[in-house]
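One structure is given here, and the rest of the page talks about it.
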Amino acid sequence: MADAERIPGFATLSIHAGAKPDPTTGARATPIYQTTSFVFDDVDHAASLFGLQAFGNIYTRIGNPTCAVLEERVAALEGGTAGLAIASGHAAQVVVMHALMMPGDEFIASKKLYGGSINQFNHSYKNFGWNVVWADPDDISTFEKAVTPKTKAIFIESLANPGGIVTDIEAIATVARKAGVPLIVDNTLATPYLCKPIDYGADIVVHSLTKFLGGHGNSIGGMIVDAGTFNWSRDRKYPMLCEPRPEYSGMVLHETFGNFAFAIACRVLGLRDLGPALSPFNAFLILTGIETLSLRMQRHCDNALAVAEWLSQRPEVAWVSYPGLANDKYSALARKYVPKGSGAVFTFGLKGGYDAGVKLVSNVKLFSHLANIGDTRSLIIHPASTTHRQLSDAQKVQAGAGPDVVRLSIGLEDRNDIVADLEQALTA
Amino acid sequence: MNHDSYPDSYIRGILNTVKTIAMVGFSPKENRPSYFVFKYLMERGYRVIPVNPGHAGKEVLGQKVYASLPDIPEPIDMVDIFRASESALPVVQKAISLKPRPQVVWMQLTVRNDEAAALAEANGMKVVMNRCPKIEYGRLSSEISWIGVNSRTLTSKRAHTLGKGVQRMGLTHDTVQGGTTAATDIAQKKP
């Protein structure tokens, strides 16, 4: 095989994909194009850009060269055709659904999701007339039964927050294909280093870049990746993609942009009109984080496994939910989907219940007690006394946030120091 | 030539060689893909000659529209086919009879006709099928990266600009293979 056709590895793509030397200055690191707007070469060039007839930059709400490097980087890592950087993971979900759903439509979602997504789907989406139907990832038949003529998409997380759950992506992709709808996979907790959902049938991948991809707890950001696999015109169910768009003088986006039409629809109909653009400065920080993704993610996973094993031997601990543990319920799925490691976010239960949870988060000295995950720092939260405190005890248990539950996001500190902090806090 | 997967060097070689392109199935409507490609390639320095019998004699962006390939009174380097797959064969037959014979037959995204391709190749022409020259130019020049598309290329070389501002770039800098999109390649082969 000629040298030019060798397929580069993950670490190489993490550093190089999307980041070409700046054509005017030769800058090798990606410049931060902190500007709202870009001058046109001439009137005709402006017309071409506004008509989507030329590739280029107009206004940072629609696209920005720093954000574009991030988009191509994540698309390349996921094996997708195109990406769209956006202000947050939540914004990514809104813009994806905006491209797929009309008022009165339904989508099926796994009930094992990040609590913020459950909230967004249950409540905020009602105002748009988008109706969520919940299904159980531990029972694939619940997805099949949930399909109706109004179903427009299926949404799951690869590794599900609050951790410890591995979703059978391939089985649910089969349901989606049969239903003729795209499968959307939130790959935030796994990152493409651990799992590439497109390889298992995902049509759209979304991310909160805030977590492991950025990885340093310094920037909120989101990403939409178009796998280029879905035929938007076949059943004519997706008018944003297969019908002439009045916004662009009758252009049909799928016909014009082929296998990256979904990413374009999210940009020119979603991001342009709804407005949640990512700041170029955030894009720069997240890009810098991604350059070390393979090193960091492996260390996150190795540390998390060591901590999970240590916790499972502790007398204060009732149970540990981490798929990397040999006897875990999700161990077989973990070996298939995340063989390099099961991520760094997981939960465990304290025999001492609510009071022991409060005591633990109060006593830690190295762990930070906060609501984020996917930081270089180790993080801890006791959901029952914080994020889920307004729920009844029964609701807390159903949400995986029972009074005894503690969630950890294991960082990159020395393993012995992470364990020592938990030990002193458990015994204090 | 394997028409499922073209090396970037093959595509780059074609786009760096041809200068005059006849576009068969051109539409003068501004929201049609063929108009996009027509305008884009002209802005990148190619001479593009529109062909459509329904609009013969009209002028679009200063270019005269011809009814058929043999009507074009100048040598053509490449024929770009914007027609349904089954209509590609007669276009290729006409292209072969042109003197001098064009070097390249290019069929647009979704257009594939293996019989027409074999005929063109047997007559010494290079063939590209199911690709868009605008997307390929954008990919290999890195222009397409500005809209977040996976160019599937990596490079440590600076692209040169074509002048008239920085948002038009040339094809002379070299690239190597970048992140692949195997899933979409497989999906495209399904009916």
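Points worth noting:
- Cβ separations smaller than 7 Å between residues 6+ apart or across chains give the following pairs from segment A:112-138 residues that are in contact (Cβ under 8 Å) with a residue 24 or more places away in the chain to residues that are part of a helix (DSSP H, G or I) and surrounded by fewer than 14 Cβ atoms within 10 Å (Cβ to Cβ): A:Val132/A:Asn122.
- Across segment B:148-166, the number of residues qualifying as facing chain A (nearest Cβ under 7 Å) and crowded, with 24+ Cβ neighbours inside 10 Å comes to 4.
- Set side by side, the residues B:Gly54, B:Gly45 differ, and just one is surrounded by fewer than 20 Cβ atoms within 10 Å (Cβ to Cβ) and modelled with pLDDT under 95, which is B:Gly45.
- Any helices (runs of 4 or more DSSP H) falling wholly within segment A:317-428 and containing at least 2 residues that are closer than 23 Å to A:Pro137 by Cβ and modelled with pLDDT of 95 or more: A:331-337
- Evaluation of B:Ala120 against (1) open to solvent by 10 Å² or more (accessible area, probe 1.4 Å); (2) more than 28 Å from A:Leu278 (Cα to Cα) (one fails), failing number: (1)
- Where B:Ser145 falls short, out of the listed (1) small (Gly, Ala, Ser); (2) more than 9 Å from every other protein chain (Cβ to nearest Cβ); (3) not in a loop (DSSP other than H, G, I, E, B): (2)
- Selection from segment A:1-22 of residues that are modelled with pLDDT under 95 and among the β-branched types (Val, Ile, Thr): A:Ile7
- Residue match in segment A:274-288 (condition: touching a residue at least 24 places away in the same chain (Cβ under 8 Å), on the phi < 0 side of the Ramachandran plot and over 21 Å from the mean Cα position of the chain (by Cα)): no
- Tally, over segment A:106-125, of residues that are farther than 24 Å from A:Arg389 by Cα and open to solvent by 20 Å² or more (accessible area, probe 1.4 Å): 1
- Residue list for segment A:217-239, filter: away from chain B (no Cβ under 11 Å), closer than 23 Å to B:Gln108 by Cα and buried (at least 18 other Cβ atoms within 10 Å of the Cβ): A:Trp232
- Some residue of segment A:372-387 being open to solvent by 60 Å² or more (accessible area, probe 1.4 Å) and free of Cβ contacts under 8 Å to residues at least 60 places away in the same chain: no
- Options B:Val128, B:Val111; residue that is under 30 Å from A:Leu84 (Cα atoms), more than 8 Å from chain A (Cβ to nearest Cβ), free of Cβ contacts under 8 Å to residues at least 40 places away in the same chain and not hydroxyl-bearing (Ser, Thr, Tyr): B:Val111
- When the residues of segment B:168-182 are filtered to those that are open to solvent by less than 20 Å² (accessible area, probe 1.4 Å) and over 20 Å from the mean Cα position of the chain (by Cα), the one that is nearest to the other protein chains (Cβ to nearest Cβ) is B:Gly179.
- Flag for B:Arg112 being open to solvent by 30 Å² or more (accessible area, probe 1.4 Å), in a loop (DSSP other than H, G, I, E, B) and out of contact with any Ser or Thr (no Cβ under 6 Å at 6 or more places or on another chain): no
- Scanning segment B:1-15 turns up no residue that is more than 25 Å from B:Glu115 (Cα to Cα) and of a type outside the set (Asp, Glu).
- Filter result for A:Ala11 (more than 8 Å from chain B (Cβ to nearest Cβ), open to solvent by 10 Å² or more (accessible area, probe 1.4 Å), under 29 Å from B:Thr180 (Cα atoms) and assigned to a loop (DSSP other than H, G, I, E, B)): no
- Single condition A:Gly250 does not satisfy, out of (1) surrounded by fewer than 24 Cβ atoms within 10 Å (Cβ to Cβ); (2) at pLDDT 95 or above: (2)
- Across segment A:188-216, the number of residues qualifying as open to solvent by less than 10 Å² (accessible area, probe 1.4 Å) and on the phi > 0 side of the Ramachandran plot comes to 2.
- Residue ID - least open to solvent (accessible area, probe 1.4 Å), chosen from residues in segment A:274-314 that are within 16 Å of A:Thr210 (Cα to Cα) and not in a helix (DSSP H, G or I): A:Leu278
- Of B:Val149, B:Val166, B:Val176, all but one fail to be modelled with pLDDT of 90 or more, among the β-branched types (Val, Ile, Thr) and farther than 30 Å from B:Leu89 by Cβ; the exception is B:Val149.
- Out of A:Val133, A:Val185, sole residue that is open to solvent by less than 10 Å² (accessible area, probe 1.4 Å) and β-branched (Val, Ile, Thr): A:Val185
- Single unsatisfied condition, B:Lys29 versus (1) open to solvent by 10 Å² or more (accessible area, probe 1.4 Å); (2) out of contact with any Phe, Trp or Tyr (no Cβ under 8 Å at 6 or more places or on another chain); (3) not in a helix (DSSP H, G or I): (2)
- Filtered residues of segment A:15-65 (kept if facing chain B (nearest Cβ under 10 Å), among the small types (Gly, Ala, Ser) and touching a residue at least 12 places away in the same chain (Cβ under 8 Å)): A:Ala17, A:Gly18, A:Ala19, A:Gly51, A:Gly56, A:Gly63
- The one condition from (1) open to solvent by 30 Å² or more (accessible area, probe 1.4 Å); (2) more than 7 Å from every other protein chain (Cβ to nearest Cβ) that B:Leu140 does not meet is (1).
- Test: B:Leu119 is over 15 Å from the mean Cα position of the chain (by Cα) and more than 12 Å from every other protein chain (Cβ to nearest Cβ): yes
- Members of segment A:319-332 that are open to solvent by 60 Å² or more (accessible area, probe 1.4 Å) and either under 18 Å from A:Gly357 (Cβ atoms) or of a type in the set (Asp, Glu) (or both): A:Trp319
The values are calculated or read from the model by the stated rules, or taken from the named source; none is laboratory data. Computed from a prediction, not measured in an experiment: that's the story for all the values here. Every residue, glycine as well, gets a Cβ built from its backbone with ideal geometry; the counts of neighbours run over all protein chains shown. Ligands, DNA and RNA are stripped out before the accessible areas are found, and what is left, the full protein with its side chains, is counted by its heavy atoms. Shrake-Rupley method; radii C 1.70, N 1.55, O 1.52, S 1.80 Å.
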